[in-house]
Amino acid sequence: MKNTGDHTTFNVDSIRKDFPILNREVNGKPLIYFDNAATSQTPQQVIDVIVDYYSNYNANIHRGVHTLSQEATDLYEDARLKIQRHINAKHSYETILTSGTTHGINLVANGFTTLLKKGDEVIVSALEHHSNIVPWQMLCERTGATLKVIPMNAKGELILNDYDALLSENTKLVFVNHISNALGTINPIAQMIEKAHQVGAAVLIDGAQSCPHIKPDVQALDVDFYVASAHKMCGPTGVGLLYGKEAWLEKLPPYQGGGEMIDQVTFEETTYAGLPHKFEAGTPNICGGIAFGAAVDYMNAIGFDAISAYEHELLDYATEQLTHIEGLKIYGTAEEKTSVISFNIDGIHPYDIGTILDKLGIAVRTGHHCAQPIMDFFKIPGTVRASFAFYNTKAEIDTLVEGVKKAKMMLS
Amino acid sequence: MTIAEIQEEIIDEFSMFDDWEERYQYMIDLGKSLPLIDEQYKTEDHIIKGCQSKVWVHAEMDNDKVEFTADSDAIITKGIIAILIRVFSNQRPKDIIKSNTDFIDQIGLKEHLSPTRANGLVSMIKQIKMYAIAYQTQLN
């Protein structure tokens, strides 16, 4: 299968040619896609792999003796190796392919049901997305453990002194996102993992928002669990990864029962398959997994250092340009943040701004971004969120700024 | 005027606009100018929660007709509410029940009534019909 993502020097014009969707129009205007934090666009190299899979390799994996099944299995397992190398996991079987970040989180939260008891504590951060709050509330309800929340300051940064104070020998699990989806804050996860380990707690990092910008090194971070989604990093929807240290994955019970996850089954007793299959019940998203591997290849060919440097340039430029608009307030001004700008204009509802921008062909997100506690903190109904990817340009940001000015004029 | 006549009138008005900007500016102005709901009814019981914007609806029966008042925290939503109130308020319950909102498509605002839009408008129309059904039941 071919997969060429050859961009030895960063050139946004040539990168844009990889993304067919960037040629389309919306409401008669060229599409400007600034909703990358919700889902990223798909390059031709990944689309080709999907088409190639269904054209030439489609078969069920891990059990067929026939050639197609063997080839599909090889491609799927090869994708796992690519993902393993990408996150620098020690063993390939520590990389579980999931349906996405939410699946990975629920798998871990469910597994901890057997490990927690009344009096134990789970720590999450105030910067979390709903899907990062609810599974832990459910876990605490099931086990009698208590949920503690690390507060944030007005810039949208976690208050680390308060985190220190929350940690104790009762802390069994810390869960924090690497980057906040609503504000773009980059959390100091290395430091937070180290501190959690000092009290013997396990740490799960949600990399959904960081995976398109930062290449994680799970061994250097010494993180216990790490989850991410392919569709945030140029891959397809419905597939993601869960990394877990071997010892932890061995400790957790299987999440779902089904084919693939078993070793021996009789009506009296079932023994489970080893890692990673213990957590991969049923026929997986085979094509999705293979395409995830292609997306990882594509992004690495461009290089995460180049991607992150360019996106930072876009962030600084957009922040400066938007700040010139009178009455515009940016939420989330952390020292360390990624290419996400959440903003409002005095007296104007974010929904109205988003509606006008859509008429201009500009895709942004409006609303509470599934992070109501963050909106409650700022006492706002929601924000307009523009999130940039490495295939966006400064010229597109200029159009956004003009669009916001126009919306302001129409709506004031 | 009947519901159908009012809808025709609105379609006529919108046909004078050349582009989306004029249409939207008109709606925004409608949204701004209308005193839509008595503050006492902007309570939790009257709220329809869209994920994005909130809508409040209140209904009263006056003789044999239903009078609606409503409001929203987003101005474009409020503009569409103003149009819907113009169509459905002061009409007999049975006429409201059998009416439809296809005219919204003809004035180029269809996307705002999409069930996936999460702006509370679809639920608002459902609520308007529910009120009409409730009042019709009383009349029977």
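The values are calculated or read from the model by the stated rules, or taken from the named source; none is laboratory data. Given the structure is predicted, the values throughout are model-derived calculations rather than measurements. Positions of Cβ are backbone-derived with ideal geometry, glycine not excepted, and every protein chain shown enters the neighbour counts.
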Those residues of the range A:360-386 which are within 12 Å of chain B (Cβ to nearest Cβ), within 26 Å of B:GLY108 (Cα to Cα) and touching an Asp or Glu at 6+ places or on another chain (Cβ under 8 Å) amount to A:GLY361, A:ARG365
When (1) modelled with pLDDT of 90 or more; (2) closer than 19 Å to B:ASN119 by Cβ; (3) within 12 Å of chain A (Cβ to nearest Cβ) are applied to B:LYS49, the one that fails is (1)
Within the range B:106-116, restricting to residues that are within 14 Å of another protein chain (Cβ to nearest Cβ), surrounded by fewer than 19 Cβ atoms within 10 Å (Cβ to Cβ) and not in a helix (DSSP H, G or I), the one that is modelled with the lowest pLDDT is B:THR116
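The rows are residues; the columns are (1) closer than 16 Å to A:LYS245 by Cα; (2) crowded, with 23+ Cβ neighbours inside 10 Å.
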site: A:GLU71; (1), (2): no, no
site: A:LEU97; (1), (2): yes, yes
site: A:THR101; (1), (2): no, yes
site: A:ASN110; (1), (2): no, no
Condition met for A:ASN392 (outside any loop (DSSP other than H, G, I, E, B), touching a strand residue (DSSP E or B) at 6+ places or on another chain (Cβ under 9 Å) and either within 12 Å of another protein chain (Cβ to nearest Cβ) or touching a residue at least 40 places away in the same chain (Cβ under 8 Å) (or both)):
no
Checked pairs for the range A:141-152, first within 21 Å of A:ASN177 (Cβ to Cβ), second of a type in the set (Lys, Arg), C-beta under 8 Å and 6 or more apart or across chains, list as A:ALA145/A:LYS117; A:ALA145/A:LYS118; A:ALA145/A:LYS172
Expected output for the range A:77-103 (first residue within 19 Å of A:CYS287 (Cα to Cα) and in contact (Cβ under 8 Å) with a residue 40 or more places away in the chain, partner β-branched (Val, Ile, Thr) and in a loop (DSSP other than H, G, I, E, B), Cβ below 8 Å, 6+ apart or cross-chain) is A:LEU97/A:VAL239; A:THR98/A:VAL239; A:SER99/A:VAL239; A:GLY100/A:THR237; A:GLY100/A:VAL239
In the set A:GLU313, A:GLU326, the lone residue that is modelled with pLDDT of 95 or more, under 29 Å from A:ARG16 (Cα atoms) and not hydrophobic (A, V, I, L, M, F, W, C) is A:GLU313
Among the residues of the range B:88-105, the number that are surrounded by fewer than 22 Cβ atoms within 10 Å (Cβ to Cβ) and within 9 Å of the chain's Cα centre (by Cα) is 1
If we scan the range A:329-348, do we find a residue that is under 21 Å from A:GLU25 (Cα atoms) and either β-branched (Val, Ile, Thr) or within 14 Å of another protein chain (Cβ to nearest Cβ) (or both)? no
Counting only residues in the range A:310-341 that are under 11 Å from A:PHE390 (Cβ atoms) and more than 19 Å from the chain's Cα centre (by Cα), the one surrounded by the fewest Cβ atoms within 10 Å (Cβ to Cβ) is identified as A:GLU313
Selection from the range B:1-46 of residues hydrophobic (A, V, I, L, M, F, W, C) and within 14 Å of another protein chain (Cβ to nearest Cβ) yields B:PHE17, B:TRP20, B:MET27, B:ILE28, B:LEU30
By residue number, the members of the range B:117-140 that are in contact with a Pro (Cβ under 6 Å, 6 or more places away or on another chain) and either farther than 24 Å from A:HIS368 by Cα or surrounded by fewer than 15 Cβ atoms within 10 Å (Cβ to Cβ) (or both) are B:ALA132, B:TYR135, B:GLN136
The residue that is nearest to the other protein chains (Cβ to nearest Cβ), considering only those in the range B:60-79 that are surrounded by fewer than 23 Cβ atoms within 10 Å (Cβ to Cβ) and polar (S, T, N, Q), is B:THR69
In the set A:LYS148, A:LYS118, A:LYS195, A:LYS155, the lone residue that is touching a Phe, Trp or Tyr at 6+ places or on another chain (Cβ under 8 Å) and surrounded by fewer than 23 Cβ atoms within 10 Å (Cβ to Cβ) is A:LYS195
The range A:124-220: helices (runs of 4 or more DSSP H) wholly inside it with 3 or more residues that are closer than 18 Å to A:GLY111 by Cα and over 19 Å from the mean Cα position of the chain (by Cα) are A:134-143
Filtering the range B:5-35 down to residues that are of a type in the set (A, V, I, L, M) and under 21 Å from B:ALA70 (Cα atoms) yields B:ILE6, B:ILE10, B:MET27, B:ILE28, B:LEU30, B:LEU34
